[in-house]
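First the structure, in the form of structure tokens, and then the observations on it.
Coordinate-derived values only; no laboratory data. Since the model is a prediction, treat every value here as computed from it, not as a measurement. Backbone-built Cβ (ideal geometry, glycine too); neighbour counts: all protein chains shown.
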């Protein structure tokens, strides 16, 4: 089992380490810059070049059915799902093959509105409930992987 973390703006890295240790999962912390990671034998720091989507490309290339990908990036979530990985947002919201199409459509609509000059608010601030939901979702995903499915 492996957890691939889209780490540049991920607010739940410490939670990933805790859950991974409990489940015996490997963690790859992928970013465009050198981030501090704990000196734990199951945590790997992966620093990619600063090319556009380089971290996303690395994660998508390494995602497989034995992985959980942690990302808020909808397009990366789509690529990881196509590779067979489970995908969880830092808020604990799972991305699924059933939900990714509508998420991509909403993303496109919002991009069009922003391009048209509309001032739209961003996502709500990250809350304690999001952290709790994420811990539960990651734990459940790793249990499911451990059971073979």
What helix-only [θ] at 222 nm does the chain give? Using -39500 (n - 2.57) per DSSP H run of at least 4, over all residues, to the nearest 500, the answer is -13500 deg cm²/dmol
Quick one: if you stick a label point 7 Å off each Cα along the C-beta vector at residue 102 and residue 42, how many nm between them?
3.4 nm
Packing rank of 2-13, 125-136, where each peptide gets the mean count of other beta carbons within 10 Å, highest leading
2-13, 125-136
Work out how much length residue 26 to residue 111 would gain on full extension: take 0.36 nm times their residue separation and subtract the Cα-Cα distance, in nm to one decimal.
27.1 nm
Quick check on packing: order 32-41, 46-55 by the mean number of other C-beta atoms within 10 Å, highest mean leading.
46-55, 32-41
For the residue pair residue 1 and residue 136, what label-to-label distance in nm results when each label sits 7 Å from Cα along the Cα-to-beta-carbon direction?
1.8 nm
Pulled fully out, how much extra length does the chain show between residue 75 and residue 34, if you take 0.36 nm times their separation in residues and subtract their Cα-Cα distance?
12.4 nm
Counting DSSP beta bridges with both partners in the chain, what percentage is antiparallel, nearest 5?
10 percent
Over the Cα atoms of the chain, what Rg and Dmax result, in angstrom?
15.3, 49
